[in-house]
Structure formats: structure tokens, C-alpha cells
1. Using a 10 Å cut-off around each Cβ, can you sort 332, 281 from fewest to most neighbouring Cβ atoms?
2. Hey, with R₀ at 56 Å, roughly what FRET efficiency would residue 324 and residue 91 work out to, going by the Cβ-Cβ distance, to 0.05?
3. Note down the nm distance, to one decimal, between modelled labels 7 Å out along Cα→Cβ at residue 308 and at residue 415.
4. Would you look at the GNM of the chain, springs on alpha carbons closer than 10 Å, and say which of 30, 339, 71 moves the most?
5. How large are Rg and Dmax for region 46-114 when calculated on the C-alpha trace, in angstrom?
6. Mind jotting down the distance between the C-alpha centroids of region 109-172 and region 362-417, whole Å?
7. Measuring from the lowest to the highest alpha carbon on each principal axis, how far does region 74-224 reach, largest first, in angstroms?
8. So if I take the centroid of the Cα atoms in region 1-15 and the same for region 189-253, what is the distance between those two points in Å?
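Each value in this text was obtained by applying a stated rule to the coordinates, not by laboratory testing. The structure presented is a predicted model; accordingly, all values stated were derived computationally and were not measured. As a convention, Cβ positions derive from the backbone with ideal geometry for all residues, glycine included, and neighbour counts pool all protein chains shown.
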Ligand code: ADE
């Protein structure tokens with residue numbers, strides 16, 4: 001077994017962290033127990049390019065229990081939990097390639113290791129592995145039964161590849177499953193983004209004007225949580241329907257040009273590039289804090305910010321860089337514009353990753369049992385329903401069922417009008 005992690009002596013601490021997360025992952029645990037008995041992934045090589053966290057570790061353990069030969073590499077240089085990476089190597093015997101803070105060359109060399117593994121199933125959180133596969137290892141695409149994508153922007157990219165006719169293998173949009181985006185994106189990002197900002201800055205939220213760029217599932221989750229802590233929340237959007245939703249959910253809505261003057265804290269959750277740029281930085285207040293919880297490190301135009309600045313002081317505190325403008329204002333960027341919830345906190349809580357990763361586990365099994373054609377597929381709805389039922393059961397919550405009379409009414413056209 002080959003691997004590249006920071007320090008194997010961290011393995012015991014990592015194991016405790018993984019076991020702790022597992023307590024909050026009852027659905028994935030049930031799937032793991034079944035996989036252990038049925039071995040649905042026997043002989044399958046899997047390469048996963050995901051955030052290397054305790055929750056991901058429990059997914060990797062599930063694949064291993066199912067009989068797969070698993071390799072894990074990081075999908076973000078600043079989200080790796082080094083103790084977890086060490087534990088997976090030392091205690092679970094997995095190949096892991098991930099080191100917190102790795103530079104770009106190391107990051108991509110790790111992705112290459114994942115492809116040298118010659119996987120039959122791949123997983124991405126942001127489409128990096130599948131992009132390298134298409135660019136540099138295209139001859140291997142025939143060996144891959146299916147690839148699964150965890151996040152919104154990754155799915156957008158894959159749909160663009162499909163539309164351009166360059167997609168070379170079947171892909172499943174895990175992000176689009178209800179059990180993923182309705183919970184992970186909204187409640188997971190909502191809570192963990194607040195957590196990351198507070199851990200990085202220790203700022204008091206009450207009374208601050210917080211500008212939330214993007215009112216998709218992540219944006220609305222964050223806007224709702226930060227409002228609960230007493231912030232005066234402004235939402236910016238490019239989509240008129242979403243902007244109206246934000247307005248009627250009780251938020252102020254305006255353009256970023258207007259919001260730039262008002263904000264104490266700016267958080268991007270859009271999935272697009274350069275949402276905060278020169279014309280906005282020029283207007284921001286002294287002391288404004290800027291963070292991203294949307295996509296990779298592209299939402300804040302740091303090159304423009306650097307050009308505008310007279311001086312940049314890195315690490316004024318861990319995860320905070322100070323950009324000093326010629327007019328004396330300081331703007332503070334968190335975690336170098338990378339995902340603040342994973343860079344400064346621990347990502348989404350295990351309880352919500354339980355659902356997302358249950359989708360990954362069941363979808364991998366589904367992809368082996370079915371011959372999928374080359375396009376972007378949705379997760380079958382029965383996987384969503386099964387996971388929802390199991391999650392409720394794990395919380396001892398029962399729900400009602402339709403009576404025969406109600407079933408008949410719902411399927412009729414001639415009753416009750
Ligand atoms: N994405 C967001 N939070 C995560 C977590 N805790 N583990 C893996 N991927 C994540």
C-alpha cells in the first residue's frame with residue numbers, strides 16, 4: 001500500500017475523531033453493516049477525491065467493508081484533517097494522499113496517484129479528478145463504470161461537458177439528490193460557515209451587517225443561521241426569482257455595488273468566479289471581513305485585491321490575511337478565499353454528512369448493478385426515499401401513512417371537487 005500523509009503518529013487521535021463522527025452517522029453505519037455481509041463492491045477499485053475529514057473516513061470504511069480497494073485524495077488543500085488521513089492509513093489500511101496546506105503541485109500529484117490506481121469508480125467534490133482524467137488519462141475512461149459528483153459546481157461542470165459532447169463516462173449527480181442538497185447544502189453549509197468565520201475571527205455577529213452573495217441552498221442556509229445570531233443580513237443575487245424569495249424571506253436585497261458600502265462581513269456562496277472584485281473592494285469599509293463558502297478559491301478576485309493593496313500581511317492571525325489599501329483601509333480575507341467552513345472549522349456536521357454519504361454509498365452499488373450510458377444521471381428517487389426513512393427511524397420519529405381512501409382520492413379526477 002502506498003500513501004502520502006503528514007504524520008502517521010497522529011493516527012490514534014484521528015481514529016478517535018472518526019469514531020466520534022460515526023456516532024452521528026447511523027444511516028451510513030447500517031449500510032456499512034450490510035456491505036460487510038454482502039460485499040457488493042468486491043474487486044472494485046475506487047478513487048475518491050473528497051475533503052479528507054472524519055465523515056469522509058466513515059464513507060471510505062464503508063466502501064472497504066463492501067470489498068472495494070479504496071484510494072482517497074484531497075479535493076481541497078486546506079480541508080484535510082491530518083490525523084484522520086493518518087488513521088485511515090494506519091488503522092484502516094487505506095491509501096491516502098492528502099496533507100493539510102499542500103501546494104498546487106502536491107495537490108495535483110495526489111490526484112494523479114488516484115488515477116494511477118486505475119479505478120473502476122471515481123468520486124469528486126468539485127470535478128478536479130474527472131477533469132485531470134479527461135485531460136491526461138483519457139485512455140482510462142473505458143475502465144471506469146461510473147463517476148459520482150458531490151457538489152453543485154462540479155455537477156454544473158459535468159453538465160457543460162455533456163452539452164459540449166466531451167464527457168467520456170457515465171456520471172451520477174449525487175449533489176442533486178434531495179437527501180444531499182436539501183440538507184447538506186442548506187443546514188450543513190449554513191452552520192459550518194458560521195462556525196468557520198467565528199473560529200477564524202472570534203467576531204461578534206450581533207449588530208453586524210452581513211452581505212450574503214448567492215441565495216441558492218447554501219446561501220439561504222447561511223443567511224438564515226447568521227440572522228439567528230443577530231446580524232442584519234443583506235442578500236445579493238443575479239437571479240430575479242431567488243432575489244424575490246430572499247426579499248420575502250425577510251432579507252434586504254440589493255446589488256453588490258450598493259452592499260459593498262454597508263457590509264462588515266461579506267460571504268460568497270454562488271459557485272461562480274469573481275463575485276467580489278475591484279469595484280467592490282474599492283468601496284468596502286475599513287475592517288471589512290471577506291470569506292468564501294461557495295466554490296474552490298475563485299469567488300473572491302484575490303489578484304485584483306492584491307493589485308489594489310499597498311501591502312499584504314499574511315497570517316495576522318491563523319487563517320486571516322490583511323490587505324492594506326493606499327488610503328489606509330484594511331480588508332481581511334479569511335482562509336485565502338478557500339472554503340471557510342472546511343479551512344477554519346470541520347466542515348458539515350457528521351449528522352448531515354450521514355445523508356450525503358449514504359447517497360454516495362448506495363449510488364456506487366447502483367452504478368455497478370446497472371449499465372449506465374455516457375451522460376449525467378440523477379440519483380434514483382428510491383435511494384432518496386430509503387435514506388429519508390432510515391434517517392427518521394434512527395431518530396425514533398414515525399410519520400403517518402395515507403389511508404386507502406386518501407390514496408384513491410389522490411389518484412382520482414372525479415371525487416371531491
Ligand atoms: N463537505 C462539507 N463538509 C464536509 C465534511 N465534513 N466532510 C466531507 N465533505 C464535506
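1. In increasing order of surrounding Cβ atoms, one gets 332, 281.
2. That pair, residue 324 with residue 91, gives E of 0.75.
3. My value for the distance between the label points is 6.3 nm.
4. 30
5. Cα-based Rg and Dmax for region 46-114 come out at 10.9, 33 Å.
6. 28
7. 56, 40, 27
8. Here the answer is 37 Å between Cα centres.
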